[in-house]
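The values are calculated or read from the model by the stated rules, or taken from the named source; none is laboratory data. Computed from a predicted structure; not experimentally measured. Because the Cβ atoms are built from the backbone with ideal geometry, glycine has one as well, and the counts that use them run over all protein chains shown. For accessibility, only protein heavy atoms count, side chains too; no ligands or nucleic acids. Shrake-Rupley method; radii C 1.70, N 1.55, O 1.52, S 1.80 Å.
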Amino acid sequence: MSTALDGAVELLDRSLAYTSGALSTVDATRLAAPTPCGRWTLETLLAHMGDSLDAFLEAAEGVVAVVPPAPAADQVDALREKACALLGAWVRARHDAVLVGDAALASPVLVAAAALEIAVHGWDVRQATGRPRPLPTDLARGLLGVAGRLVDDRDRGVRFGRPRPVPADATPDVRLLAFLGRDLTGPPEGISAIPPRPPAGVA
């Protein structure tokens, strides 16, 4: 494994740990709750997270076909199983690039993108369940660098909302979420971030 891929996998590990805690706050009574992903309910968000994990897991084999499996009966249990499999697959991965459609994407970039998506959606889940918890500072700082490299103007209004202003002394987690268009000023009912498109290997 290259040094760059090593670092991306370590970031993925921390993102999965944070989001695992978020999943523990989900119960069946909250599945219709709104989320920071615009028109998505918690149930819709969990389904999207499952699709994303499937794509990132496929990528560990070197190619993403993005053919979603049948929905699982228990979304949270399925997400936990996929998360464990994802980390193990990328720890063992040896290829430098992943074929996504007709394009080759460097493995460290794809894994870092996975870490970003997983952690931010973990934050979304906590907002929807009413059990908010900030992203850890070191994790948010690492993901902020990833977001700065991966998110550009073409993503705005499609996968992410417009960046939101933050105070000069804002913490890394606040800077990251505001950069991705998340509204930090109120509950999910007041959050208007545009929902991301379905995953195509990188979301």
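Here is how the numbers come out for the structure above:
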| read-out | value |
| --- | --- |
| Ratio of Rg to Rh over the range 109-181 (Cα coordinates, Kirkwood Rh, two decimals) | 0.94 |
| Equivalent ellipsoid semi-axes - Cα gyration tensor, the range 1-62, angstrom | 28, 14, 9 |
| Rg followed by Dmax, in Å, when the range 1-153 is reduced to its Cα trace | 15.0, 44 |
| Summed residue charge, Cβ within 10 Å of Val98's Cβ, Lys/Arg positive, Asp/Glu negative | -3 |
| In Hz, Karplus ³J(HN,Hα) per residue of the range 5-19 (6.51, -1.76, 1.60; θ = phi - 60°; x = Gly, Pro) | 5, 3, x, 5, 5, 5, 5, 4, 4, 5, 5, 5, 5, 4, 6 |
| Accessible surface of the range 5-106 [probe 1.4 Å, protein heavy atoms]: carbon and sulfur percent | 58 |
| Per residue accessible area of the range 70-177, 1.4 Å probe, in Å² | 50 |
| Relative compactness, the range 99-151, computed as alpha-carbon Rg over 2.2 N^0.38 Å | 1.33 |
| Local electrostatic count, Glu58, Cβ distance below 12 Å [Lys/Arg +1, Asp/Glu -1] | -2 |
| Neighbour-limited loop hits for trypsin sites (Lys or Arg not before Pro), the range 10-60 (at most 11 other Cβ within 10 Å; DSSP other than H, G, I, E, B) | Arg39 |
